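The values are calculated or read from the model by the stated rules, or taken from the named source; none is laboratory data. Bear in mind that the values here come from a model prediction, so they are computed numbers and not experimental data. Glycine also receives a Cβ, built like all others from the backbone with ideal geometry; neighbour counts cover every protein chain displayed. Ligands, DNA and RNA are excluded from the accessible area calculation, which covers all protein heavy atoms including side chains. Shrake-Rupley method; radii C 1.70, N 1.55, O 1.52, S 1.80 Å.
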Amino acid sequence: LLTVVLARTMTRPLSEMTRAVEEFPDGDSVRLPLDAGGEIGVLARAFERMVAESRDKTTALQHEKDIFQSIMNAMAEAVLLIDRDGEIIYENPAALALRTPPSGRIGPSWVGSVETFLPDGVTPVTPDQRPGHRALRGEPVDRFDMVVRVRDSDKLVYVSGNARPIRDADGTVRGAVVVFSDVSELRETERRLHQAQK
């Protein structure tokens, strides 16, 4: 009888600890045997601290993500984040609007949605000239003017692009951020002024 009681006394906290570890990833409230003695009690209290720290960090990360998202949503400029392989991994609503044709039927990707040209509107911008690709090579880019033509439409947008490499702690380029400002109105004003001067 003593052996059975002793076994239950030891296995119950261990079972509670196992259940708490299994429930932790699901975000359920974790019930720990905090009043258990010995090593199980020490382990339970340490796990409780780890759970609290993990939840605090998750809350802080979510808060930072919400701030980032609200800033990106409020920006008038188109913002693209590019990974080190040249793939666009994020575009803000302004970037999405830039490549949306009047029909509203948007392409699945930035590259598949637009063609880019030099300011003359005729000469294509080669991949190695694009601000994002240049930033991936470690080059900062300022005020690179080009014309964005949305495929399968007559929508043209004059943009000025800026890009910067994103580096890790060792200085290795891990990606790039590109910001396009719509300068179509400025171009149209310049064109009218030029016409008036003629």
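Q195 falls short on exactly one of the conditions (1) outside any loop (DSSP other than H, G, I, E, B); (2) surrounded by 10 or more Cβ atoms within 10 Å (Cβ to Cβ), and that condition is (2).
Scanning region 138-157 for residues that are open to solvent by 70 Å² or more (accessible area, probe 1.4 Å) and within 13 Å of F117 (Cβ to Cβ), which turns out farthest from the chain's Cα centre (by Cα)? Outline the logic, then answer.
The first filter runs over region 138-157 and keeps only residues open to solvent by 70 Å² or more (accessible area, probe 1.4 Å), leaving 140, 142-143, 149, 151-152, 154, 156.
Narrowing further to those that are within 13 Å of F117 (Cβ to Cβ): 149, 151, 156.
Working: R149: 25, R151: 25, L156: 27 Å.
Per the stated criteria, the residue is L156.
Among the residues of region 158-192, those that are open to solvent by less than 70 Å² (accessible area, probe 1.4 Å), assigned to a loop (DSSP other than H, G, I, E, B) and under 24 Å from E87 (Cα atoms) comprise D168, G171, T172.
With respect to the stated conditions, L80 fails to be modelled with pLDDT under 85, open to solvent by less than 60 Å² (accessible area, probe 1.4 Å) and touching an Asp or Glu at 6+ places or on another chain (Cβ under 6 Å). Regarding region 90-113, can at least one residue be identified that is among the aromatic types (F, W, Y) and either more than 25 Å from R174 (Cα to Cα) or assigned to a loop (DSSP other than H, G, I, E, B) (or both)? Within region 90-113 (the criterion being among the aromatic types (F, W, Y) and either more than 25 Å from R174 (Cα to Cα) or assigned to a loop (DSSP other than H, G, I, E, B) (or both)), the answer is no, since none of the residues qualifies. With respect to the conditions (1) open to solvent by 20 Å² or more (accessible area, probe 1.4 Å); (2) closer than 21 Å to V177 by Cα, A135 falls short on a single one, namely (1). Within region 150-166, being modelled with pLDDT under 95 and among the basic types (K, R) holds for R151, K155.
Restricting attention to region 83-94, the residues being open to solvent by less than 80 Å² (accessible area, probe 1.4 Å) and under 13 Å from the mean Cα position of the chain (by Cα) number 6. Once region 150-178 is narrowed to residues that are in contact with a Pro (Cβ under 9 Å, 6 or more places away or on another chain) and of a type in the set (A, V, I, L, M), the residue that is farthest from P124 (Cα to Cα) is V173. Does V114 satisfy the criteria of being in contact (Cβ under 8 Å) with a residue 40 or more places away in the chain and not charged (D, E, K, R)? Considered against the rule, which asks whether it is in contact (Cβ under 8 Å) with a residue 40 or more places away in the chain and not charged (D, E, K, R), V114 comes out as no. For region 101-132, the candidate set comprises residues that are hydrophobic (A, V, I, L, M, F, W, C) and open to solvent by 60 Å² or more (accessible area, probe 1.4 Å); within that set, the residue that is nearest to A176 (Cα to Cα) is V111. Filtered by the rule that a residue be small (G, A, S) and at negative phi, region 67-94 gives S70, A74, A76, A78, A94.
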